[in-house]
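Report on the structure given below.
The values are calculated or read from the model by the stated rules, or taken from the named source; none is laboratory data. Not measured: the values here are computed from a predicted model. Neighbour counts are summed over all protein chains in view; Cβ atoms, including those assigned to glycine, are modelled from backbone coordinates with ideal geometry.
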Amino acid sequence: MLTQDQVKEAYDKELQRLGQKVYDPAVLPVSFDDITVPWLTGTLCREHPGAEVISWRTEPVEQGTTNRARLHVVYNSVGEKAGLPTRLFCKASHGLSNRVTLGLSGAAEAEVNFYNYLRPFLAIEAPRAAFANMDTETFNSIVVLEDLSDSVSEFCTQRTVVTRARAEDQLALLAKVHGAGYSDPRVRNHLDGFITWEDYFNNTLAFGMREGSEEGFRRAVDLIPPRLHKRHAEIWPATVAAVQLTRTLPPTLAHGDVHLKNWYITGTGRMGLSDWQCVTRGHWGRDFGYTIATALTIEDRRAWERDLLDFYLDHLNAAGGPKVSFDEGWIHYRRQLMTALTWWTITYNPAPGMPDMQPIETAREFVNRLATAMDDIESLDSFGEL
């Protein structure tokens, strides 16, 4: 494993390399201000001869791990008759820190490939992309999505109330994703081109995942149960062990970042899942635990987690996944919470050069929920079992 000094040296070199790269805005815009009418026409009208974009404007959205903006597009009469989308939501890696974080980890490439190659085969509530591409030399990327504003009643936050029915709907959606990764030959054919969860995790070490998350864990003394916080020296070794265990488990399509803010509620009350930038060949256990531990209040998670695991395992098998016993599923749940917490202690305490990924109140809530779940089900003590 690289030392902290070696990680910093590699990170600084990558910053220098990417900062010197020359972009071609005709292929991918350098910023939202560099989007042009010809580029939008080529991107949005390519399957409709005669259709053209005649004007557009941007509406900035929050900045975070990605650069985000909403586009309002006006077409000529051919485009209007074709019903081409007039409102679009864009996610990009225009900023240098965004390119480093998303490029080195593989997140930008994962999301582009998900929308281009996997999304068409999944019968789930999730956004669809009008365009997705990435420059593998500069890590500049953009994903142009349908704007869901008119069909969504709520984009979830840490304050969203997730009822038992909503939690089950989340898990039914995940079961379809994971089941397709196990049994749908179209999905499996493309899934082979995605990196493993272990490789994805190891890529994050280049920008300080270990240092940032360990310091975040230590700083979060008021959010983490005292019994667990006293064992801070065990957290990183157990996190690495949880990642390495996935080598021996049958891989499937895993979302990888299923915290509550990546879910939305449609006008008909269904749960939908967005932000597919952590897609890997991984194991379902992390998605399951990460979902219920961030979506539910501590009290509801304690009351429902066993029933929800039974619910999920039944739906996973029905969707084409393996038959998994409750005892095996429970041990996976206990172990795989480790890396879910790591995703949020680094968010609570970003490493140098990383963007601020989430509001501090969100990070505090999810660290508290995840750490309490780990303490409740004794995640640290699960690695000598089974």
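Odds and ends about this structure:
- Residues (within 27 Å of residue 299 (Cβ to Cβ) and surrounded by fewer than 18 Cβ atoms within 10 Å (Cβ to Cβ)) located in region 352-363: 359, 360, 361
- Residue selected from region 341-366 under the condition without any contact (Cβ under 8 Å) to a residue 60 or more places away in the chain and among the aliphatic types (A, V, I, L, M), by the criterion nearest to residue 179 (Cα to Cα): 363
- Failed condition for residue 196, given (1) buried (at least 18 other Cβ atoms within 10 Å of the Cβ); (2) touching a strand residue (DSSP E or B) at 6+ places or on another chain (Cβ under 7 Å): (1)
- Residue in region 60-75 that is loosely packed, with under 13 Cβ neighbours inside 10 Å, modelled with pLDDT of 85 or more and not β-branched (Val, Ile, Thr) present: no
- Residue in region 165-188 that is outside any helix (DSSP H, G or I) and in contact with a Lys or Arg (Cβ under 9 Å, 6 or more places away or on another chain) present: no
- The listed residues are 256, 272, and the only one of them that is at pLDDT 95 or above, of a type outside the set (A, V, I, L, M), within 18 Å of the chain's Cα centre (by Cα) and buried (at least 22 other Cβ atoms within 10 Å of the Cβ) turns out to be 256.
- Screening region 23-142 for helices (runs of 4 or more DSSP H) wholly inside it with 3 or more residues that are without any contact (Cβ under 8 Å) to a residue 60 or more places away in the chain and hydroxyl-bearing (Ser, Thr, Tyr) returns no ranges.
- Yes/no for residue 246 being over 22 Å from residue 123 (Cα atoms) and polar (S, T, N, Q): yes
Here is a yes/no grid of residues against (1) among the polar types (S, T, N, Q); (2) outside the structural domain of residue 281 (by TED's automatic domain parsing):
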site	(1), (2)
128	no, yes
131	no, yes
142	no, yes
160	yes, no
165	no, no
171	no, no
180	no, no
187	no, no
